[in-house]
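The structure is given below, and queries will be raised subsequently.
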Amino acid sequence: MAWLATPTNIPDSEESDGEGGLGNLNRLIVRPPGHSGKAKRGHLCFDAAYECGNLGRADHITELEYDLFIRPDTCRPRSRFWFNFTVENVKQDQRVIFNIINMGKEFTLYNCEMTPLVRSTSRQKWQRIPRRLLFYHRSIVHRGRKILSFAFGFDREEDVYQFVASYPYSYSKLQKHLSIWEKKAQEFAKRESIAQTTQKRRIDLITIGEFGKEPFAKDEGTKKADTKKRVVLLLARSHGGEPPSSYICQGFLDFLVSSSEKAVALRNEIVIQVVPMLNPDGVFLGNHRSDLLGSDLNRCWNTATSFAHPALIAVNDHIKKITAEKGLQLDFIIDLHADVSHEGVFVRGNSYDDVYRFERHAVLPKFMAMRVEAWQCESCLYNTDALSLGSARRSLPMGAVDAYTLLASMGGRRITPRGPYMHYTEDAYTKIGRSLAKALCDYYRHIAVIPPRMGATSKKKEPRGRRRRKRPGYERKRSPSSSPERRVLATRMLSPSLPIASPLLKALPPRTARNPSIRTRPKTVNFENTLPMIQGTAVRTPRLAVVDLSAYIRTPTCRDPRYRQRLARPPRPTHPRFTSDEYDTHESTE
C-alpha cells in the first residue's frame, strides 16, 4: 500500500520517491522528556514520508496528549489544512489525545459535524471518528488559537493506524485507474500527455468522442456541415488537498465508459475532454493548495509561465486550438474543487451585464440542481470578484464559453435543511460525477443537440373537435349501491330526530373484556411477509476502538468575568496580519 511505503519495507520508487516528503516526519519516535535508550512499546512513532503524507512536527505533552503540527505547503507557509500521517508502536488499550495546532483556516466544517478519518492495516475501510470524541475549540495554552483535538484508543499493538482529513486520492492511484479505464474505452476514447510538471510527472488529457463525426441535426433540411461539434472541457485537482474532486472525476469517467443510454448519447454527439489532475506535484507532496514552487494554480491562469506553470500553459494552448477550429464549439469549462466551509454541492459562476447572457449562463446549473443530490442553491454564487481574477472560471472563458467552478463539501450534506447530517463517502463523490454527466446529457437534449431518447414518445394534445376513442368496458358485477337504479331513486329514509336530552356517555370496557373469545384466540403470525430464518454462526466485523476522553479536555475557568468574556469572543485585529504563523489564510475556497 502507498500509505505504508517506508524505507524499511519498500525501496525507493514512485510511491516514496526517497525524498522524505520534503519536510514531513520520517518514522519519528516521540519519547517523553528525559528518556534515553531503546524506545518502549507505547512511545508513538509518527510517519508522513509517503505519497500524499503531511505532518511536520509532533511534540510529547503528556503520556495522554500530543501536539501535532501540519507541514505548510512548499514555498507557501500560510496554506495549512490537509493532514495525512500514520502512527505505530502503540500499546494495547493506549488512549491518546491528538491536538492539531496550526490549522490554516479558522472557520471550517469541524465547527459543525465533520470529523477526520482513520483506518488500520487489519481494517482497510475508512471510518469516521465519532463526533463526541472531537473538539474544535480555542486554547489559551496555544495563544488563543483554534485547535482541533480528537481522542482515540488503540486496540491492536501490531497495527499501523492512519489518520487523514478526507479520503486520499494519490497520483499513483490515478495512473492505475487510467490504465484500466483506457483498455475499456479504447474504441471511443484517447489518452495523451500534453505536458510534464517540474518533477517530470505527466499531465493527462482524455478525449471521449470523435471530432470528425457529423453531429445530430434536428431539422432534416438543415445542413449537417453548418452544425458545429460541441466540446466540453473538465478540469480536476488543481489543489492537492482536495481529493473529492478526483473522486468526482473518476465517477464522471466511469459513467461515460458504461453502457448507459445517456453515456452512449454523450459519446456519440459530444466531445468531452478531461484533465484529471492538474497538480500532480502538489498531490504527491501532500500540499493543500500549491504545487512544488508554491504557486496556487487556481490563481495563476492569467499570469502563467511555461517554466513555473507548464500544465496551465498546455491547457490554455489547447483551448485556443479548439476555438480556432471552425467545426468545433467549446461550450463549457467545468473546474472541479472541494470546499471545507460549506455543506453539499454548489457552483461558482460569472456575472454578466447582459441579462440574456446571464440567463443562458445559469441554465446548466439548473440541470445540475435536478440531478445532484443535496444541491445547495443558497451557496451558489455568480460574481466578478477581484480575488478570483486568476481562477479558471474567470480567465479561461472566451466569447460564448461558460465556465464554472463546481465544489463539493469535504464533510457531508443534509437532504433537507433540518434533516440528519450525512458524511460523504467515496461512492457518494463518484455519484456526483455520474450526476454531472447526466445533467450534461439533459442540457444537450433540451437544446436538441442530442437526439431524444429511443422509445420515448412525446405526448401531443388532440384537437378539440376529435373525440377520444372509448375503451371497451368489461362487464362486472355491480353492487346495489352503485347501480343506476339505486342512484336514481329519491331519498326516502330520514334520520331520526335527536333526543331532547342525550344520555351520559360511559366509557366502554376494553375490547378483550367485551369479547371473551378474543382473549382465548391464539395469535397467528403471517409467515408469508416475514424473512426466512438464517442459520449459521454470527461473525462480528472488526471495528476501530475509540475511547471517550472528553473528561480530559476541559474549558479553562477564570474568576474575572471580563477575562471570561474576552476568552469567549477574542477581539479581531484592526489590520490583516499575513505572517507565517497566522492561522487564517484570507483566501477564498475555490
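With the cut-off at 1.5 for a/c, could you classify the stretch 337-414 from its C-alpha gyration tensor as rounded, prolate or oblate? Show your work: numbers first, answer last.
On the way: a/c = 2.29, a/b = 1.44, b/c = 1.58.
Oblate shape, in that a/c is at least 1.5 and b/c is the bigger or equal ratio.
For a 32 Å ceiling on Cα separation, which of these pairs sit above it: LYS184/LYS228; LYS176/LYS320; LYS105/LYS183; LYS183/LYS262? Could you put the intermediate results ahead of the total?
Details: LYS184/LYS228 28 Å; LYS176/LYS320 30 Å; LYS105/LYS183 42 Å; LYS183/LYS262 21 Å.
Distance filter (> 32 Å) returns LYS105/LYS183.
For the stretch 146-192, what does the alpha-carbon gyration tensor say about shape, rounded, prolate or oblate, given a ≥ b ≥ c as the root eigenvalues, a/c under 1.5 as rounded, and a/b over b/c as prolate? Numbers along the way, then the final one.
Details: a/c = 5.43, a/b = 2.57, b/c = 2.12.
Because a/c hits 1.5 or more and a/b exceeds b/c, the stretch 146-192 counts as prolate.
Moving on. Could you check the spin-label model distance between LYS366 and GLU261? Points 7 Å from the Cα along Cα→Cβ, value in nm.
Result: 2.4 nm between the two label points.
Determine one quarter of the surface area of the Cα convex hull of the stretch 222-346, which equals its mean projected area, and express it in nm² to one decimal. Display every interim value, and only then the final one.
Numbers: hull surface 38.5 nm².
Mean orientational projected area (the stretch 222-346, Cα hull): 9.6 nm².
Carbon-plus-sulfur fraction of the accessible area of the stretch 87-156, 1.4 Å probe, in percent?
On the way: 1260 of 2510 Å².
Taking all protein chains in place, the stretch 87-156 shows 50 percent carbon and sulfur surface.
Next up: What order do you get for 255-265, 283-293, 183-193, 157-167 when each peptide is scored by the mean count of other beta carbon atoms within 10 Å, highest first?
On the way: 255-265: 17.1, 283-293: 26.2, 183-193: 12.9, 157-167: 19.4.
Order by mean packing, descending: 283-293, 157-167, 255-265, 183-193.
Okay, moving on. Work from the charge dipole of the stretch 276-353 (Cβ charges, +1 for Lys and Arg, -1 for Asp and Glu, about the Cα centre) and give the residue of SER351, VAL283, ALA324 farthest towards its positive end.
Going by the Cα projections, it comes out as ALA324.
Note down the net charge around GLU63, summing +1 for each Lys or Arg and -1 for each Asp or Glu among other residues with Cβ under 12 Å from its Cβ.
On the way: positive: ARG31, LYS40, LYS91, ARG95; negative: GLU65.
Every neighbour counted, the sum reads +3.
On to the next question. What distance in nm separates the simple spin-label points at ILE415 and LEU387, each placed 7 Å from Cα in the Cβ direction?
Distance between label points: 3.5 nm.
The values are calculated or read from the model by the stated rules, or taken from the named source; none is laboratory data. As the structure is a computational prediction, the values presented were derived from the model and not from experiment. Virtual Cβ from ideal backbone geometry, glycine too; neighbours counted across all protein chains shown. Each accessible area value is taken on the protein alone, full model and side chains, heavy atoms only, with ligands, DNA and RNA left out. Shrake-Rupley method; radii C 1.70, N 1.55, O 1.52, S 1.80 Å.
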